[in-house]
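What follows is one structure encoded as structure tokens, with my remarks underneath.
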Amino acid sequence: MKQNLTLLTCILLLLGCQNKEETPPPIQKPTPETYLTQHQYQESAWAFRAQGDTTRADSVLTVLETVLKSQPDSLSEWAGKGITRPYIVFFPNNVWGLFKRAGSDTGGTVKNELASYRIDRLLEIDLMTMVVLRDITLPNGKTVSGSLSYFIQDAKLADKLGLRTTDQPAKLIFFDAVLANADRHTGNWMVHNKTGEVFAIDHNRTFYHDLGWTWWDRVQSISDPMSINTYHNRFKNLPDQTFKDALKNLITPEQYKNFHNARKTLIRYLDAKMK
């Protein structure tokens, strides 16, 4: 009898091991060097920065800026959403950019794209790819001014993944509150296919701090303020002049005044929530 129970116990244990769900292995993120060999410059810079190597990250971004300002091979209209009707710009080594023409959106200016990117860099929040302002010659031969952003190909729009606005990570909500973004939806934030990391596109309708819902209502929707503590501290501790210099000639004096006042309110609110 004892032998039968022992045998039965062994069989049950064996079956339990076989039926036990295996924990999926963690995502193996490509190394910054791997990204670099594939000319995926922004991804490489982010990966270097995640390792704490800001020097190499900055050097990669310098190369990327040179590429984005160089002569492209070709361009074509983007098939994604958006009223700005942007173009995908193709550079050597399979580097892509997303170009928006100046004046293509009456609700915002392409300068806001660069202004938003500069805030991204100051906060080290890594939600935006590099942006430059430049001229591009369209397929019809007309040369126009606009903003050009590095385009990550290995990613999908949130709406294509069945995600909702409520699925946005806290740091994206915080970033949009800082920018007073009046146009965030599932068609303008993306998820990287290999890493699952979120990043955002389309920031021409920003710096609407005169509309409280674009920043005040948004920051109050962050359920776990401590999760953005690192970015909040940078936002709080950087000197006013640093922001003023970064946004100079990109937004109007009135917009900067509203940004400055909203910043003080956001800092007070988040400080209180994190006590």
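Bear in mind that the values in this text are calculations on the coordinates, not laboratory data. A quick note: this is a predicted structure, and the numbers were derived from the prediction, not measured. Neighbour counts run over all protein chains shown; Cβ positions are idealised from the backbone, glycine included.
How much of the DSSP bridge set in the chain is antiparallel, in percent, rounded to the nearest 5?
100 percent
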For helix 253-273, what angle does its Cα long axis make with the longest principal axis of the chain, in degrees from 0 to 90 and rounded to 10? 30 degrees
Given +1 on the Cβ of Lys and Arg, -1 on the Cβ of Asp and Glu, and no further charges, what dipole in debye does the chain carry about its Cα centre, rounded to the nearest 20? 480 debye
Packing-based exposure ordering (other Cβ within 10 Å, fewest first) of Phe175, Phe151: Phe151, Phe175
Of the listed pairs Lys244/Lys273; Lys29/Lys111; Lys100/Lys142, those with alpha carbons more than 24 Å apart are Lys244/Lys273; Lys29/Lys111
Loop only per DSSP, at most 13 neighbouring Cβ atoms within 10 Å: give me the GluC sites (Glu not before Pro) in region 55-144, ordered by residue number. Glu124
Label points 7 Å out from Cα along the Cβ direction at Thr62 and Leu133: separation in nm? 2.4 nm
Sparsely packed trypsin sites (Lys or Arg not before Pro) within region 235-272, loop by DSSP, other Cβ within 10 Å at most 16: Lys248
